[in-house]
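Since the structure comes first, as structure tokens, the remarks are kept for the end.
The values are calculated or read from the model by the stated rules, or taken from the named source; none is laboratory data. These numbers come from a predicted model, not from an experiment. Here the Cβ is made from the backbone with ideal geometry for all residues, glycine too, and neighbour counts use every protein chain on show.
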Amino acid sequence: MRYSKKEKVVLMLSCVVALMCAFPQRVNAMHIMEGYLPIAFCVAWGVICLPFVIAGVLSIKRVLKEQRRVLILLAMSGAFIFVISSLKIPSVTGSCSHMTGTGLAAILFGVPTTSVLGIIVLIFQAILLAHGGLTSLGANTFSMAIAGPFITWILYKLGKKAGFNSKVNVFIAAMLGDLFTYCVTSVQLAMAYPSESGGILASAIKFLGVFAPTQLPLAVIEGLITVLIIMGMESFAKPELREIGFMEGR
């Protein structure tokens, strides 16, 4: 049986993901781990996330009512977040470096929907994989499922208006969204544990310096994988992509 060029790309991507998942992962590596943040910060980040999550639930409810066929795209986006964000590299104490996977959902559905998919993934990871935590759920949701996706979404929209090549646009948006997630995580950690000399700013710079060596290459990889996933969707899910307006003008 012969496969087309795009079908070969999708098959190769699935093999890469399967191989990555086959390697054992340290379960004590976290997003921001359970109990690491003071309770006041846990509550504050949770409250900040609440409006986005509620808006996302309403958005998903409306989409599934009016565009039932896009359920498969939602499921694929959620699965992508779960798989790719579970592949972690231990980094600064109390956290880790990993790809986020939220860029795909942000590009296809926007930030509110991505926040819902992200919080669902984070809950499952905290309970099943000891990756992250329930007390730090709000902070992790904000950095990975709101702040990063917002940058991805806004950059993708701006690139589209500027007439960028679609694949280049997706790559840049997903890559920088991933990097911004870790900028926010660094600030979150710095706010909770400011430096004795230099305060929050000095602490944030220190955290960013620790994250950068592992996160920069991971962000590039995430951008490339997101492009490949989009290419696969364009081959096998064109009607669904047109239904949500992604294929507009093409």
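Criterion applied to Thr100, Thr113 was being touching a residue at least 40 places away in the same chain (Cβ under 8 Å), touching a Leu at 6+ places or on another chain (Cβ under 8 Å) and not hydrophobic (A, V, I, L, M, F, W, C), and the one residue passing it is Thr113. Residue-level analysis places Glu222 outside the set of residues that are in a helix (DSSP H, G or I), acidic (Asp, Glu) and over 30 Å from Glu34 (Cβ atoms). Among residues of the range 46-66 that are within 23 Å of Ile244 (Cβ to Cβ), none has a beta-carbon under 9 Å from a residue that is in a helix (DSSP H, G or I) and of a type in the set (D, E, K, R) at least six positions away or on a different chain.
The numbered conditions (1) surrounded by fewer than 20 Cβ atoms within 10 Å (Cβ to Cβ); (2) not in a loop (DSSP other than H, G, I, E, B); (3) not small (Gly, Ala, Ser) are all true for Leu134 except (2). Spot the failing condition for Asn169; the list is (1) out of contact with any Gly (no Cβ under 6 Å at 6 or more places or on another chain); (2) within 23 Å of Gly232 (Cβ to Cβ); (3) not aliphatic (A, V, I, L, M), and only one is missed. Just one mismatch for Asn169, condition (1).
With modelled with pLDDT under 90, under 30 Å from Ile39 (Cα atoms) and in contact with a Pro (Cβ under 6 Å, 6 or more places away or on another chain) as the only criterion, which of Ser203, Ser186, Ser197 stands out?
Unique residue meeting the criteria: Ser203.
For the range 38-75, the set of residues classified as touching an Asp or Glu at 6+ places or on another chain (Cβ under 6 Å) and surrounded by fewer than 18 Cβ atoms within 10 Å (Cβ to Cβ) consists of Gln67, Arg69, listed by residue number. Considering the conditions (1) farther than 19 Å from Ile84 by Cβ; (2) in contact with a Phe, Trp or Tyr (Cβ under 6 Å, 6 or more places away or on another chain), Val210 is excluded by exactly one of them, (2). Just one of the listed residues (Ile154, Ile119) is in a helix (DSSP H, G or I), among the β-branched types (Val, Ile, Thr) and in contact with a Cys (Cβ under 8 Å, 6 or more places away or on another chain), and it is Ile119. If you go through the range 95-125 and keep only what is touching a Gly at 6+ places or on another chain (Cβ under 6 Å) and within 15 Å of Phe142 (Cβ to Cβ), you end up with Thr100, Thr102, Pro112, Ser115, Val116, Leu117, Leu122.
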